[in-house]
1. On a C-alpha basis, how far is the centre of the range 153-206 from the centre of the range 220-270 in Å? Whole number, if you could?
2. Nearest 10 degrees is fine. How inclined is helix 130-144 to the longest principal axis of the chain, computing both from alpha carbons?
3. Can you tell me the FRET efficiency between residue 50 and residue 257 if r is taken as the Cβ-Cβ distance and R0 is 30 Å, rounded to the nearest 0.05?
4. Angle between the Cα long axis of helix 156-176 and the longest principal axis of the chain, 0 to 90 degrees, nearest 10?
5. Expressed in nm to one decimal, what extension gain is obtained for the pair residue 149 and residue 130 from 0.36 nm per residue of sequence separation less their Cα-Cα distance?
6. Which of the three applies to the chain, rounded, prolate or oblate, going by the alpha-carbon gyration tensor with a ≥ b ≥ c and a/c under 1.5 meaning rounded?
7. For the chain, set up a GNM with springs between Cα atoms under 10 Å and report which of 33, 237, 229 has the largest fluctuation.
8. Mind running the shape call on the range 120-160? Use the C-alpha gyration tensor, a ≥ b ≥ c as the square roots of the eigenvalues: rounded below 1.5 for a/c, prolate if a/b tops b/c, oblate otherwise.
Ligand code: SF4
């Protein structure tokens, strides 16, 4: 079972230490995922004064599936408590609130990179690049501790590219250890594909579009799932043991069952088994 080297709590959203940033900073559009339109920087109508969600227990029944899928990778508490030193946007100036909402998406991206780098360091096959991974992990962590001005000026895409080069090397090393022919479906359009029981051991599924694909009973052990779009993908009874670069938001967007086997880096979504 994979274990994260850094404190996993800091790479998962902790709403208790956040000022409800995702519910204010991010925009959403009325759709199957959100019941209403909301522009960036405007508090959601369901956000309470204590920064809790007023419909938390019934998000899915209320048409807010998108909120149950989302995770900030710990960016919310970092921006709230570190970048802005615990200064609540409700009590600060309008300018400060605006800066907070601007910086949040960038820090979220950086925290997602921290999550990947941390996971990469748990993969024994990636040992040849562990030193580089550790260095980039430290650099990325240092960047997240910058001032609001430094974070606002950051070229996140360029940093992401730098990290991606190393994650690609990691993926090649990790998948090389999986026996047999490995499928390369990087970026493939597999929307609605019938892949029931498919042998996808060690497959490269980076950025693949697997929306509503049928992967029931599929063997995804040791597959690279970075950026794969798993919205409504059926993972019932699929085996994802040792699959890597699979994030909690990706998994939350998929369907699955108590019989789906998962890597240790993610948790079984509650709504898979709660009949929601
Ligand atoms: S519905 Fe709740 S969780 Fe979703 S954005 Fe609004 S306040 Fe946040």
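1. So the two Cα centres are separated by 14 Å.
2. The answer is roughly 20 degrees.
3. Numbers: r = 35 Å, r/R0 = 1.18.
Step by step, r from the Cβ atoms, then E = 0.25.
4. Taking Cα atoms only, the helix is inclined about 20 degrees.
5. On the way: separation 19, 0.36 × 19 = 6.84 nm, distance 3.12 nm.
Between residue 149 and residue 130, full extension yields an extra 3.7 nm.
6. Details: a/c = 2.17, a/b = 1.31, b/c = 1.66.
Here the chain falls in the oblate category.
7. 33
8. Numbers: a/c = 4.00, a/b = 2.65, b/c = 1.51.
In terms of gyration-tensor shape, prolate.
Throughout, read-outs are computed from the coordinates displayed, never taken from laboratory work. All of these numbers come straight from a predicted model, not from anything done at the bench. Neighbour counts run over all protein chains shown; Cβ positions are idealised from the backbone, glycine included.
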